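Values in this text are rule-based calculations from the coordinates and carry no lab data. This one's a predicted model, so the numbers in the text were calculated from it and none came from an experiment. Counting neighbours? That spans all protein chains shown, and the Cβs are built from the backbone with ideal geometry, glycine included.
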Amino acid sequence: MVNQKLVEIIQDKAALMRRDVIEMGYAAGGHGAHFGPALSSIEIVASLFFEIMHHDSGNPRMAERDRFVLSKGHACLAYYAALVETGYITKEQMYTFKGDNSFLSGHPSLNIKYGLEVSTGSLGNGLAIACGMAKAAKIKKENHKVYCVVGDGECNAGIIWEAAMNGAKNKLDNLVAIIDRNGVQLAGKTSEIMDFDIEAAWKAFGWEVFVLTKGNDASSMLEALEKMKNSNSGKPHMIIADTVKGKGISFMEDSLSWHARPMEQEQYEQAVSDLENAFTGGN
Amino acid sequence: MSNMPIDRLQKWSKAGHRTAMAESLELLASEMPEMCTITADLTPTARLTKFKERYPDRFFDVGIAEQNLIDFSAGLAKEGILPFAVALAAMVPMRPAEQMRAALGYMNLNAKVIGFEAGVRFGPLGNTHYAMDDIAVARAIPNFTIISPSDPLQIYKTIFAAAEHDGPFYIRLTGGPGFPVLYPEDFDFQIGKAIEYRPGNDVAFISTGSLLGEAIGAADILQSKGISARVVDMHTIKPLDTNILDKVFAQNKLIVTVEEHTSIGGLGGAVAEYKSRFENTPKQVMASLGDKFQKLGSYEFLLKENGLTAPDLVALAETNL
């Protein structure tokens, strides 16, 4: 069982991050933002940055830091929100999202001093790169882990399966990947775009697979990550987390239309109101 | 850098560029513990069996998966390992072009990509196995350095120079068994600095890769006819050595670019792009593979077919002077 106090902390951090996501996305104005895929992954990213990963915003190049790769780079708002709430990025910088000459582009761009570990956005490649990073840690006999968040739609990409084979072959048990299975991709439901048994596929490719049915539940997420982090099975780890696209915002939840778009003022006000009810009051 | 492998040059010449590459990588591995070699199910083809036996902990095979070859290399490079990713030039950079752009180029990672059997030397295997457009693909990616070495010793020097240079690299290898030793002794080799192999003020042959031998042969024939030909070994295609081009523009009457690549986006394209900035520069003609898929045939047949042998280059120069 996960400590209840810790669960409440993660829940509150998740609520703050969701608020940051809305702020940044709204500030992007007509450029719009990928709200849905960021909001579904919040508990994954919050659990990693506030509990599971060893890292220090005061020392972003620390050799022994755990590495984070957001393979589903379009969910960058979740990543940026975690970096804001852990002190890598200031609130002022946060509001430059998608602005002219900002370092906060619509997909993460390598910038170690701000905690941005790898440039991603071209789907599928983040996991393949994460395999290389995990292999490097093995070669150098370093003990840090590599965490990689993957989209369920992203698993359409061939490079994902090249990486899957390679991760298993190299016995990368220092790699923990999490599929944010929100069930919706750009043009529709994943079950309609490209339906396959994702759990069976990852098992067949030689990964240690854990299916988490409550992927937006902080307690379950912490438990799953803790378990995979400490597993020395000789296999790379894959948590398939069932999440809700647009989680936390009433009109975005499970919506096909909130994958990516601009937000109007009325919608912003509604989103802020939705989030005000999300704090536990415990932190 | 280790002692120059002068004693191996004849062997490398006889065996072809793959052996020169593989043994150069072994020599590099003996000096650089952080370097590794990765390939895509090509160990014997790339002559890397000995490397694999000598350095099993620094040799990886991703299988027939060139995209993963590049991404895996990117991840290793990101964490301070120095990967040399070796694959057929027909498959890299074209198949993983996007990985080379988004991972290696965009993050400016210190990974080296080697494409061997570039050009049309795979003759009878057909067009799927010709690398005619690889320079064009790699040139279009910012941050990449591109070198196409001309002879066995230059292959060795290119691999060592790439290892010492921080940033993504594409090394394009041409020259099959019997490709000539053009540099029998140690010579000054710098990334981005072309070598004036021979001075001359009428035509200037600007060549990249192992076709330098044909360009030199053409210059010899022209000299016997009283025509002075400069021969430039433009081993580095990006960044282009514009200093030597300025000299050629000022002193030569005709430029012939020589490459085993299409007429689009390769060395000829790079020279033409630079030349277009200036008025009153010499005419340029391209000896290249043109803009077409090739007929099936032996390497020798395909060189003749495309006008890339020494007598063809002579005729091209004489027609245009």
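Only one residue of B:G123, B:G297, B:H235 has its Cα farthest out toward the positive end of the dipole of chain B, where Lys and Arg carry +1 and Asp and Glu -1 on Cβ, and that residue is B:G297.
For the protein assembly as shown, a simple Cβ point-charge model (Lys and Arg +1, Asp and Glu -1, everything else neutral) yields a dipole of about 1160 debye relative to the Cα centre.
With contributions of -39500 (n - 2.57) from each DSSP H run of at least four residues, the per-residue ellipticity at 222 nm computed over chain A stands at -11500 deg cm²/dmol.
Between the C-alpha center of the stretch B:235-307 and that of the stretch A:219-283 there is a gap of 55 Å.
Once backbone amide H atoms are built at 1.01 Å from N, B:Y197 has B:V231, B:V232, B:D233 as its partners under 5 Å, excluding neighbours fewer than 5 places away on the same chain.
The residue among A:Y80, B:N280, A:P262 whose Cα reaches farthest toward the positive pole of the charge dipole of the protein assembly as shown, with charges on the beta-carbon of Lys, Arg, Asp and Glu, is B:N280.
Close amide H partners of A:F210, meaning residues 5 or more places away or on another chain with modelled amide H under 5 Å apart, are A:M238, A:I239, A:I240.
Between the listed residues A:M17, A:A137, A:S47, the Cα displaced farthest toward the positive end of the dipole of the stretch A:4-276, a dipole computed from Cβ unit charges relative to the Cα centre, is found at A:A137. Near the amide H of B:C36, within less than 5 Å, lie the amide hydrogens of B:L82, B:F84, all on another chain or at least 5 residues away, with H placed in the peptide plane.
Taking the Cα centre of the stretch B:139-244 as the origin, how large is its charge dipole in debye, to the nearest 20, when only Lys and Arg (+1) and Asp and Glu (-1) carry charge on their Cβ atoms?
340 debye
Overall, the anisotropy analysis places chain A in the rounded class: the square-rooted eigenvalues a ≥ b ≥ c of its C-alpha gyration tensor yield a/c less than 1.5. Would the protein assembly as shown count as rounded, prolate or oblate if I go by the C-alpha gyration tensor, calling it rounded below 1.5 in a/c and otherwise prolate when a/b exceeds b/c, oblate otherwise? Note, shape of the protein assembly as shown comes out prolate. For A:K140, a cut-off of 17 angstrom between C-alpha atoms picks up these lysines, skipping any fewer than 8 places away in its own chain: A:K171, B:K78. For the stretch B:79-92, putting each phi into the Karplus relation 6.51 cos²θ - 1.76 cosθ + 1.60 with θ = phi - 60° gives couplings of 9, x, 8, 9, x, 10, 9, 10, 8, 5, 4, 5, 9, 10 Hz, in residue order, rounded to whole numbers and with x for Gly and Pro. All other residues whose Cβ lies under 10 angstrom from that of A:Q11 are scored, Lys and Arg at +1 and Asp and Glu at -1, for a net of -3.
Placing +1 on the Cβ of every Lys and Arg and -1 on the Cβ of every Asp and Glu, with no other charges, gives the stretch A:4-276 a dipole of roughly 1200 debye about its Cα centre.
All distinct Cα pairs of the stretch A:171-283 go into the 1/r average, and the inverse of that average, the Kirkwood radius, is 16.1 Å. Between 0 and 90 degrees, the angle of helix A:158-169 with respect to the longest Cα principal axis of chain A falls at about 40 degrees.
Restricting the GluC sites (Glu not before Pro) of the stretch B:111-188 to loop positions (DSSP other than H, G, I, E, B) with no more than 15 neighbouring Cβ atoms within 10 Å leaves B:E185.
With 28 Å as the limit, the listed pairs A:K72/A:K235; A:K169/B:K50; A:K98/A:K214; A:K13/A:K235; A:K135/B:K112 have A:K98/A:K214; A:K13/A:K235 beyond it between alpha carbons.
Our note on the geometry: Cα centres of the stretch A:1-52 and the stretch A:136-190, 21 Å apart. Using only alpha-carbon positions in chain B, the gyration tensor eigenvalues give semi-axes of 32, 20, 19 Å once each is multiplied by 5 and square-rooted (largest first). Tell me whether the stretch B:6-172 comes out rounded, prolate or oblate; compute the Cα gyration tensor, take square roots of the eigenvalues as a ≥ b ≥ c, and use a/c under 1.5 as the rounded threshold. Here the stretch B:6-172 falls in the rounded category. Phi-derived couplings, Karplus 6.51 cos²θ - 1.76 cosθ + 1.60 at θ = phi - 60°, listed residue by residue for the stretch B:59-76: 10, 10, 10, 8, x, 7, 7, 5, 5, 5, 3, 6, 5, 4, 4, 4, x, 5 Hz, with x used for Gly and Pro.
Between B:T49 and A:N143, the simple spin-label model (points 7 angstrom out along Cα→Cβ) gives 4.2 nm. Coupling constants for the stretch A:172-184 follow from the phi torsions by the Karplus curve (6.51 cos²θ - 1.76 cosθ + 1.60, θ = phi - 60°), and in residue order they are 7, 7, 9, 10, 10, 9, 10, 8, 7, 7, 8, x, 10 Hz; glycine and proline get x.
The GluC sites (Glu not before Pro) found in the stretch A:5-88 that occupy coil by DSSP, while having at most 15 further C-beta atoms within 10 Å, are A:E64.
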